[in-house]
């Protein structure tokens, strides 16, 4: 099969990787690797017990990022949160009000380099969780409202090229975010991305993805990996060199 | 004796003037008559001699009281004065075809004219003959105006002006179309007829000159800028001339200037400066054997090269938390132009089943980055980057390029991780030769135990680790910062490296294992940080309720030190301008800062300015703001280099700096050197004078009536003449003798 220039270019780089052989990742121990902090506010916020370990495993298998496939559960006001720069908040019910100290720490966490992915698992366009999330964000960032990310946002190309973000459901097909500087350290999905990732102990998926089935799940996994990559590389894929080459190769319009 | 007796009177010609008051004379006359009437008695006929002598004697007394003065006046005519004005500007030193200079010819003419008085001029009129053609700013009209003021109200027999006609004053006006004509409004009413002698020959002298070096006074680092050299020729037939451009004495290019019909040409150099600072660019053209003015064949100009932004290449072998925080810092700094390349996927990740078209990866342009593009970066950061998988057979060349880049002035930082230092197989490569740590560790090349780095003595004072000015505060801050999770093991510090942070327990070769080390290599600098968790200095500090200032200051200081920006050194010389006119006042300011970039008051600053005239010493003490100012010489054209050393109170060296400035080498007097006979002829016509072409002779115009009349006036005070008193006394005595002989009493 004759490869297109695009593919040949990529495979050229890939061939270079092959010569390096399979190497074990040493890192300098778990504290320097990527993991996930689950914010624990109520029972519903821990409703996807295996989603994050799956995400981290998928990330290790797919990318060069070194992860510790674990999720730690932390209260929002726990100082330990700062040891885990990637955090998630999931739920399907109304969130309890955060104490001022917790809100303050959350703002500081996001302002100094932390990343928070908020996932509404209800599949309900008008869920109590959505209302309480918006209220919480308004309290934390009164001058920085949630806005819908444009199709050109870095999170849609941080590793995979995504056309639209979906999860277990595909009701909204969008991400919203809060911008701080050139980055969105808080992203919000109402399509239950973690539901598409979550699985049983035996490895089988827990929830069916609707309406797209496994194809939709695959897109949700790609989105989740992109979230990790975006949290680490921010707007890297908007750097001029990347945009120019992707456009030249026709992979980006 | 006779002159004494007559009070100097010669009585050859003149008139008698009585200067006594009429009242006094009248009283004296009445008194004399009364005396005479009292003396007259019987026997008048027999006593005639007595009365005659008495009358004459009294008459003489009255004459003395009338104060007679003999006034003698005479006139003579002196010949009129002839004044010569000699142009003593530097253009008169130009050698004419044949060898002698115009100035030589002017002196010979002046001698032949036989003037009464001699003046010379450049920008102003000066009395006396000139000693040489050394003056600036030829102002012919100004010289004539000054002469006119000097002889206001007088007439001169003649004025002779000797010049080459090259006027830098206001004698010539240029209309919008570029036509030149003499401006009669600047000419004064002259006190005598003007004869204008042309000192230059009618033929053009042979000369090629650089008239301008045109560029902005500053350029941006690695951004192209244009430098234009304007050239003129006269008296020669050359169609083109090669122009050579040097920077700080090193040739940077040669171009050809082709002359147009007017004898003007230009050469253009497109330059892309590769280092910040001030540089002397000097353009020059070859000196032909018959070139009249070799000194105008070269010209210097100083261009200040500044960074608009620090251009950083961050190459990371794997997205990580350490990479994330460093990128956030670099990306948010408006002074940084960041190019990042992260290896997002390795061969081990290909099993995941996703097709390449689904992925936004681009080819890693490592060959271009580490060859052609490398010099365009101020700083290269290799962060946990394993080169071997990419460089393949090009490894030696590309790693050699990195080492050469550093030695040529580039900056390199290697940050720890499982793909760095020995784990990245850099041992034995050209890159290892420039790192501040030695490689080639056998066995485990990593220690995963957490530890708190120790600030070394060198680190306490070094700008990279001097996060706050106060030493104890700085040490306390480093102790507060969170621990690191593991480190690469190395063979220790390179012999000429500085260790700023060390491991508290790991040792290598008897010394604590370096965790942060820096090194100057050739013109460049390198830094090794053997941990991959410096991000914790940012995030953990925020956890305690603080900001991330320690992290930001550390990396900002590291970046500034690595790129070695001239404005970010301990000692900085500030110049208000790089190019100045001769004689223009120029003050340089020396700024002295310590390792923590705090002002150092009371520092001794010594140095010198070296230029075409030799070396001038500089010495001073910094004030409370760490600044000290010096006036520097600007009298002589050419490049001047300022070198400064700053010493602390204990005489230890705080740093040194140097810079350059140029006293503009364009000499207006030598800009246009062909004699301008037409201007001189027009001047003669405008003043009703005469023009004498160069190489010919004609005596100057003379106005004979301008000869000066001189009056000789002589006064003789007869009343004070001893002879007059003697005669009067004799007559009165004789009258008395006759009276006694006649038996009278």
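The values are calculated or read from the model by the stated rules, or taken from the named source; none is laboratory data. Model, not experiment: these values are computed from the prediction. All Cβ positions, glycine included, derive from the backbone under ideal geometry; neighbour counts span all protein chains shown.
Residues in region B:20-74 that are crowded, with 18+ Cβ neighbours inside 10 Å, modelled with pLDDT under 85 and under 19 Å from residue B:721 (Cβ atoms): B:70 alone. When residue B:458 is tested against the conditions (1) within 14 Å of another protein chain (Cβ to nearest Cβ); (2) touching a strand residue (DSSP E or B) at 6+ places or on another chain (Cβ under 6 Å); (3) surrounded by fewer than 20 Cβ atoms within 10 Å (Cβ to Cβ), the lone failure is (1).
If you filter region B:535-575 down to residues that are more than 14 Å from chain A (Cβ to nearest Cβ) and either on the phi > 0 side of the Ramachandran plot or at pLDDT below 85 (or both), you find that the one that is surrounded by the fewest Cβ atoms within 10 Å (Cβ to Cβ) is B:567. Residues in region A:165-189 that are closer than 30 Å to residue B:332 by Cβ and part of a loop (DSSP other than H, G, I, E, B): A:165, A:174, A:175, A:181, A:182. The test for being more than 30 Å from residue B:694 (Cβ to Cβ), touching a strand residue (DSSP E or B) at 6+ places or on another chain (Cβ under 9 Å) and assigned to a strand (DSSP E or B) does not hold for residue B:230.
Could you grab me the full set of residues in region B:487-498 that are free of Cβ contacts under 8 Å to residues at least 60 places away in the same chain and touching a strand residue (DSSP E or B) at 6+ places or on another chain (Cβ under 7 Å)? Hits for region B:487-498 are B:491, B:492, B:493, B:494, B:496.
The condition of being in contact (Cβ under 8 Å) with a residue 60 or more places away in the chain and surrounded by fewer than 23 Cβ atoms within 10 Å (Cβ to Cβ) holds for only one of B:325, B:329, B:341, B:354, that being B:329. Is at least one residue of region B:665-677 more than 27 Å from residue B:206 (Cβ to Cβ) and either touching a residue at least 12 places away in the same chain (Cβ under 8 Å) or assigned by TED's automatic domain parsing to the domain that holds residue B:606 (or both)? No, because not a single residue in region B:665-677 is more than 27 Å from residue B:206 (Cβ to Cβ) and either touching a residue at least 12 places away in the same chain (Cβ under 8 Å) or assigned by TED's automatic domain parsing to the domain that holds residue B:606 (or both). Considered as a group, the residues in region A:18-49 that are modelled with pLDDT of 65 or more, surrounded by 23 or more Cβ atoms within 10 Å (Cβ to Cβ) and facing chain B (nearest Cβ under 7 Å) include one that is nearest to residue A:66 (Cα to Cα), and that residue is A:34. Among the residues in region B:18-28, are any over 43 Å from the mean Cα position of the chain (by Cα), assigned to a strand (DSSP E or B), over 30 Å from residue B:132 (Cα atoms) and touching a residue at least 40 places away in the same chain (Cβ under 8 Å)? Within region B:18-28, one or more residues are over 43 Å from the mean Cα position of the chain (by Cα), assigned to a strand (DSSP E or B), over 30 Å from residue B:132 (Cα atoms) and touching a residue at least 40 places away in the same chain (Cβ under 8 Å). Here the condition is being more than 9 Å from every other protein chain (Cβ to nearest Cβ) and either modelled with pLDDT under 95 or outside any helix (DSSP H, G or I) (or both); of A:250, A:195, it holds for A:250 alone. Can you find a residue in region B:141-162 that is modelled with pLDDT under 90 and within 21 Å of residue B:699 (Cα to Cα)? Yes, there is a match, as at least one residue in region B:141-162 is modelled with pLDDT under 90 and within 21 Å of residue B:699 (Cα to Cα). Every listed requirement among (1) under 22 Å from residue A:137 (Cβ atoms); (2) assigned to a loop (DSSP other than H, G, I, E, B); (3) modelled with pLDDT of 90 or more is met by residue A:52 save one, (2).
Evaluation of residue B:261 against the conditions (1) closer than 27 Å to residue B:669 by Cβ; (2) surrounded by fewer than 13 Cβ atoms within 10 Å (Cβ to Cβ); (3) in contact with a strand residue (DSSP E or B) (Cβ under 7 Å, 6 or more places away or on another chain); (4) at pLDDT below 90 shows that the sole unmet condition is (3). Residues of region A:90-128 that are in contact (Cβ under 8 Å) with a residue 60 or more places away in the chain and not in a loop (DSSP other than H, G, I, E, B): A:90, A:110, A:111, A:115, A:116, A:117, A:118, A:119, A:120. Residue A:83 passes every criterion in (1) over 16 Å from the mean Cα position of the chain (by Cα); (2) over 21 Å from residue A:178 (Cα atoms); (3) away from every other protein chain (no Cβ under 13 Å); (4) surrounded by 18 or more Cβ atoms within 10 Å (Cβ to Cβ) apart from (3).
Return yes or no: is residue B:287 part of a strand (DSSP E or B) and more than 11 Å from chain A (Cβ to nearest Cβ)? No; evaluated as a whole, the condition is false for this residue.
Considering only residues that are surrounded by fewer than 23 Cβ atoms within 10 Å (Cβ to Cβ) and more than 18 Å from the chain's Cα centre (by Cα), look in region A:105-121 and name the one that is nearest to the other protein chains (Cβ to nearest Cβ). Residue satisfying both the conditions and the ranking: A:108. Can you find a residue in region B:506-520 that is within 13 Å of chain A (Cβ to nearest Cβ) and free of Cβ contacts under 8 Å to residues at least 12 places away in the same chain? No; the residues of region B:506-520 include none that is within 13 Å of chain A (Cβ to nearest Cβ) and free of Cβ contacts under 8 Å to residues at least 12 places away in the same chain.
Those strands (runs of 3 or more DSSP E) of region B:137-207 in which at least 3 residues are buried (at least 17 other Cβ atoms within 10 Å of the Cβ) and touching a residue at least 24 places away in the same chain (Cβ under 8 Å), considering only elements entirely within it, cover B:158-163, B:194-198.
Looking across region B:196-227, the residues that are under 22 Å from residue B:309 (Cβ atoms) and either in contact with a strand residue (DSSP E or B) (Cβ under 8 Å, 6 or more places away or on another chain) or modelled with pLDDT of 85 or more (or both) come down to B:215, B:216, B:217, B:218, B:219, B:220, B:221, B:222, B:224, B:225, B:226.
Output the residues belonging to region B:499-515 that are crowded, with 21+ Cβ neighbours inside 10 Å and either in contact with a helix residue (DSSP H, G or I) (Cβ under 7 Å, 6 or more places away or on another chain) or not in a strand (DSSP E or B) (or both). Residues satisfying the conditions are B:499, B:500, B:501. Select from region B:429-480 the residues that are free of Cβ contacts under 8 Å to residues at least 60 places away in the same chain and part of a loop (DSSP other than H, G, I, E, B) and list them in ascending order. Listed by number, the residues that qualify are B:429, B:438, B:439, B:440, B:441, B:442, B:443, B:444, B:445, B:452, B:456, B:470. Here residue A:131 meets the list (1) away from every other protein chain (no Cβ under 11 Å); (2) under 24 Å from residue A:68 (Cβ atoms) almost entirely, failing just condition (2).
The lone criterion from (1) out of contact with any strand residue (DSSP E or B) (no Cβ under 6 Å at 6 or more places or on another chain); (2) closer than 30 Å to residue A:106 by Cβ left unmet by residue B:533 is number (1). In the set (1) touching a helix residue (DSSP H, G or I) at 6+ places or on another chain (Cβ under 9 Å); (2) closer than 17 Å to residue A:60 by Cα; (3) in contact (Cβ under 8 Å) with a residue 24 or more places away in the chain; (4) within 7 Å of chain A (Cβ to nearest Cβ), the condition left unmet by residue B:316 is number (4).
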